[in-house]
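What follows is a set of notes on a single structure, which appears directly below.
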Amino acid sequence: IRLFDVCLTASYQQTVDWFASPINTVGTVAWLLAVFYHAALGLQVVIEDYVANPGIKTISVWSVNMVFLLLSVAALVAVFRIVSVG
């Protein structure tokens, strides 16, 4: 629980220092990619299972994939901006 508290209360400089280690940066990037990919696949399965109209299904799956692509790019840009500061 202590580590979780530190993660939530770390200052910006502590976060920059933590990202100075390449293993932390690579781990965070890999985790972000896995999380966004997993979330997109999960929503795609829900849409495919519960949306009956093929047109709406296609547009919905495409939209979900685009939203998660944009979110993942935004998250990666944020990480790399933090890394570039340190």
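Filter segment 54-70 for residues that are among the hydrophobic types (A, V, I, L, M, F, W, C) and open to solvent by 60 Å² or more (accessible area, probe 1.4 Å) and give the result.
We begin by selecting, within segment 54-70, every residue among the hydrophobic types (A, V, I, L, M, F, W, C); these are 56, 59, 61-62, 64, 66-70.
Selection gives Ile56, Ile59, Trp62, Met66, Val67, Leu69, Leu70.
Only one of Val77, Val73, Val51, Val35 is modelled with pLDDT of 95 or more, loosely packed, with under 11 Cβ neighbours inside 10 Å and not polar (S, T, N, Q). Can you tell me which?
Numbers: Val73 fails: loosely packed, with under 11 Cβ neighbours inside 10 Å; Val51 fails: loosely packed, with under 11 Cβ neighbours inside 10 Å; Val35 fails: loosely packed, with under 11 Cβ neighbours inside 10 Å.
Exactly one residue qualifies, and that residue is Val77.
The values are calculated or read from the model by the stated rules, or taken from the named source; none is laboratory data. Just so it is clear, the model here is predicted, and its values are computed rather than measured. Heads up, the Cβs are rebuilt from the backbone with ideal geometry, glycines too, and the neighbour counts pull from every protein chain shown. Accessible surface is based on the protein model in full, side chains and every heavy atom, while ligands, DNA and RNA are left aside. Shrake-Rupley method; radii C 1.70, N 1.55, O 1.52, S 1.80 Å.
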